1. Out of the range 107-132, which residues are assigned to a strand (DSSP E or B), open to solvent by less than 10 Å² (accessible area, probe 1.4 Å) and closer than 23 Å to residue 66 by Cα?
2. The conditions are (1) closer than 30 Å to residue 348 by Cβ; (2) open to solvent by 60 Å² or more (accessible area, probe 1.4 Å); (3) more than 24 Å from the chain's Cα centre (by Cα), and residue 230 fails exactly one of them. Which is it?
3. Being closer than 20 Å to residue 50 by Cβ, in contact with a strand residue (DSSP E or B) (Cβ under 7 Å, 6 or more places away or on another chain) and open to solvent by 20 Å² or more (accessible area, probe 1.4 Å) is the filter here, so list the residues in the range 366-386 that pass it.
4. Could you list all residues from the range 516-539 that are assigned to a helix (DSSP H, G or I), open to solvent by 10 Å² or more (accessible area, probe 1.4 Å) and not small (Gly, Ala, Ser)?
5. Quick one: is residue 374 modelled with pLDDT of 95 or more and not hydroxyl-bearing (Ser, Thr, Tyr)?
6. Quick check: anything in the range 84-97 outside any strand (DSSP E or B) and either free of Cβ contacts under 8 Å to residues at least 40 places away in the same chain or under 22 Å from the mean Cα position of the chain (by Cα) (or both)?
7. Evaluate the range 254-267: report whether one residue or more is buried (at least 17 other Cβ atoms within 10 Å of the Cβ), touching an Asp or Glu at 6+ places or on another chain (Cβ under 7 Å) and under 21 Å from residue 438 (Cβ atoms).
8. Just to be sure before I move on: is residue 464 open to solvent by 40 Å² or more (accessible area, probe 1.4 Å), assigned to a loop (DSSP other than H, G, I, E, B) and either within 23 Å of residue 393 (Cα to Cα) or aromatic (Phe, Trp, Tyr) (or both) in the structure I sent?
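The values are calculated or read from the model by the stated rules, or taken from the named source; none is laboratory data. Predicted model only: the values in this text are computed from it and were never measured. Cβ: placed from backbone, ideal geometry, glycine included. Neighbour counts: every protein chain shown. With ligands, DNA and RNA removed, areas are computed over all heavy atoms of the protein, side chains included. Shrake-Rupley method; radii C 1.70, N 1.55, O 1.52, S 1.80 Å.
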Amino acid sequence: MRWMFSIGLVAVSVAAAEAQTPPVEAFARMPAIDLPTLSPDGTHIAYIANDGDARALYILEIDTGERRGVGASSIRPINIIWAGNERVLMIASETQRFTAAARRNPIDVSAAFSVDARDPSNVTQLLADNRLIHQYSINRGNVIAVDHDGGNVYIPAHEAPRQSGVSSSRGSDAIQQPRYSLFRVAADGGAVTRSVQGLPDQRSWFVTPDGMPLAREFFDDERNAYRIDAYRDGSWASIFEAENPTFQSIIWGVTPEDEAALGFYRDGFSVLRTFDLESGNETANTIGLDGRDLSYSIDDPYTGRLIGVAYPDETMQTHWIDDELQNLQNALVGALGDDSATITSWSQDRSRFIVRTNGSADVPTFYVYDDEARSLSILASEYPELEATELGTRQQFDYTARDGAVIQAYLTLPADGGSDLPAIVLPHGGPESYDIGGFDWIAHFLASRGYAVIQPNFRGSDGFGQAFRDAGRGQWGTGVMQHDVTDALSHAIQQGWVDDGRVCIFGGSYGGYAALAGGAFTPDLYSCVAAYAPVTDIGLFLGEVEIRGGGGNWVADAWAEILGGVVTVEDRQHLDEISPIHNTRNFQAPVLLMHGREDSVIPISQSRRMQNALDDAGQDVEYVEMHGADHWMTDYATRLEVLTRLEDFFAEHIGD
């Protein structure tokens, strides 16, 4: 698994912003700056620059403004990690088809590229073609620790069969399962050695920056059992076990006090409970916020310890358990006058910081804060062509669903406002995800074309507590999840925001399913229906998930849980009843289907079969299959084609 870099610098051009209607390209672009990360000594910033189809990694010297770069257009960077002050690790992913199951549907693989910060053209892929590593070890970019002083990084990976040494006491099946071991890798791409041997059912490692084991997690698919081991005095001891664990019951990180932080629900909202790694006992420390769900944890890049958690509010917010960072962030919020300001990176001595803002009517922008000079300067904005453009404000509002439940949603209007507007209902994917405020490249684009955009956080969405999330399970299509989408539109019509005769619906992934379900089960509401990478046949989708996971596996179980629990023969009949593909004769509106050929989440067959079913039913359908497009629309060409086709499609059916 090796990717080649194109060597060369890419300059991001900033065109003059359009005063009235900005071009579609300004919204479709990938962020001009992405993943900016400070070096440990605070003198350099590594970041990804995007300009059209071109992508590059740059190393910027802050004091001089000098920058050096290397092209990275052929890969999808997802993280940047410094390994000392002279090496930058660019973590990237791509889709591949190197297994029998993946020939029909690609899978995501990751890798770590080591870049010489002094000469970025010097690039080495870590763990490439290494005889110690199993050929199907697909997550070789999972760098879990960096020894900044020792020049090593630590990456868990499945061992090659001849290296695994699995005991035959578990039978022949165990021999076929490679061990998930920890490897020490020289940051410059040199020596690779096995640091600690793992076991077949192991799922993760937690270690110190110099590779000393702290904890490991196991999950047994056959028994649906979860276990945590702590490393003590040279041996492992179990400190936590659970049968049928929820997704929350996993380690989010290890705190500075050597406590494993596990996700649980308290009073209906997610929190982190901590367990002492030495004794195995639960401690009195709980990390959480009243009435808030936690989204993810944040580790210190120099100690590897959990020091913060993110949670959804008007925008994504960070709660630091490190008082120094929390106090600084509070001060930066005040200085910028923007509640969305969040610290994203810092030097090892905490003299310099990178801060990101993401307001509801402004493009996201990065700043550099110098603590010694007490200065705050703009680094760059993610969408420079839109800096001078007046964007519509994404407003949060609440509405009451038909059964009395109060649901949160977002409304984005054109910059000049208006009433009785043509509208786009834009349900989010997941489905256990959520929409928050701040810049949204799709919603703001549609609003710039004169549409009101409605984004409901329907029941089943994450971020609003366990009961709200669970209320959506088993409620697809004709249940409360879809009712909440419909009721958000009804509220917008009642408020006078929307012309009820000019409404379309669009979404991607689960949002694409919800859009098609709107066309199938509430056909009178919509003048047109558009979907990107949708689920169209739920029963078939579940079967494909099971096949890709090799039978019973936690991914298939998780999807079954989202759909309401164990899927029986009777349930399969119900899944057909709520699948758009089996209800194509109900459609009254024209349909636009779009799907990427590199989608690793929703098989492209879901859209191909839906097109055929709509054709057979005599419906008006257009199907667009996009080469090189993945599930998340992470390249400029895909985003540009999607927005261009949506603009034409909506203009034809509900435009002025």
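1. Scanning the range 107-132 gives 113, 114, 115.
2. Exception for residue 230: condition (2).
3. Correct list: 367, 378, 379, 380.
4. 521, 523, 524, 525
5. no
6. yes
7. Looking through the range 254-267, none of the residues is buried (at least 17 other Cβ atoms within 10 Å of the Cβ), touching an Asp or Glu at 6+ places or on another chain (Cβ under 7 Å) and under 21 Å from residue 438 (Cβ atoms).
8. In short, yes.
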